[in-house]
Amino acid sequence: MEKIQVLVAEDHETVREGLRLIIDAQPDMKTVGEAGDGNTAVELAQKLNPDVVVMDISMPSLNGSKATRKIMQCCPNIRIIALTRHTESGYVQELLRAGAAGYVLKQSSSDELIRAIRAVKSGRSYLDPAITTGVVSEYATAQPSLKSRLGLSLTEREAEVLRLIASGYSNKEIAARLAISTKTVEAHKANSMKKLDLTSRIDIVNYALLQGWLGSN
């Protein structure tokens, strides 16, 4: 069985060692590298091309958000999970904008991290269940106009395309998955965004959260 290759980026050595032990104890995963700061995380991501990077938000030289952006620019196939103690929705939104596919709290059980690694490797997004409700509630309160659009009608295919975009799939991957052309994917995306008055990927992710499309499964 081909194992999920994971790069761990965490500035505290003891925590980093603990994460490595948890990951390497799984039959379908292995740690292929460790980084103690953001710049090293970017360098190792380029060198090792892991499947998943577990990224601490607070790191020296380059914080997790900036490191995530750099990795997504040079290695868009890599899936990144933000690991933090912060539960505020602002942190979640910032990391989602940067390109993170998952967000897990350090205070949650190790099972959450393992579930997140498997989820993002399979192409899904993952938000720690401990923060999902709060994020949805906060965003719905801050963006009542988006909440009001939940009743607007999308075709089944438009909704399917939006759901996959929110889950982190590229247009090309969606096209292959749905057996349609990339141009058709782009048309469905444009039509649904126009109907819902969405302007960016983060809007799509927030809409998906409000719809309940991005659960913990």
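The values are calculated or read from the model by the stated rules, or taken from the named source; none is laboratory data. Keep in mind that this is a model prediction, so the values were computed, not measured. Because the Cβ atoms are built from the backbone with ideal geometry, glycine has one as well, and the counts that use them run over all protein chains shown.
With respect to the stated conditions, Arg115 fails to be under 16 Å from Arg16 (Cα atoms) and not assigned by TED's automatic domain parsing to the domain that holds Asn206. Using the structure shown, decide if Leu21 is without any contact (Cβ under 8 Å) to a residue 12 or more places away in the chain and more than 18 Å from the chain's Cα centre (by Cα). Yes; evaluated as a whole, the condition is true for this residue. All but one of (1) crowded, with 17+ Cβ neighbours inside 10 Å; (2) farther than 16 Å from Val120 by Cα; (3) modelled with pLDDT of 80 or more hold for Tyr207; which doesn't? Result: Tyr207 fails condition (3) only. The single residue among Lys195, Lys189, Lys172 that is buried (at least 17 other Cβ atoms within 10 Å of the Cβ) and among the charged types (D, E, K, R) turns out to be Lys189. Of all residues in the stretch 166-207, those satisfying the criterion of being under 23 Å from Ile114 (Cα atoms) and either part of a helix (DSSP H, G or I) or without any contact (Cβ under 8 Å) to a residue 24 or more places away in the chain (or both) are Ala166, Val205.
For first residues located in the stretch 39-53 and not assigned by TED's automatic domain parsing to the domain that holds Asn77, partners that are of a type outside the set (Lys, Arg) and surrounded by fewer than 16 Cβ atoms within 10 Å (Cβ to Cβ) and lie 6+ apart or on another chain with Cβ distances below 8 Å do not occur. Of all residues in the stretch 58-79, those that are crowded, with 18+ Cβ neighbours inside 10 Å have Cβ atoms under 6 Å from Cβ atoms of residues that are at pLDDT 90 or above and among the charged types (D, E, K, R), 6 or more apart or on another chain, in Met59/Asp11; Met59/Asp37; Gly64/Asp56.
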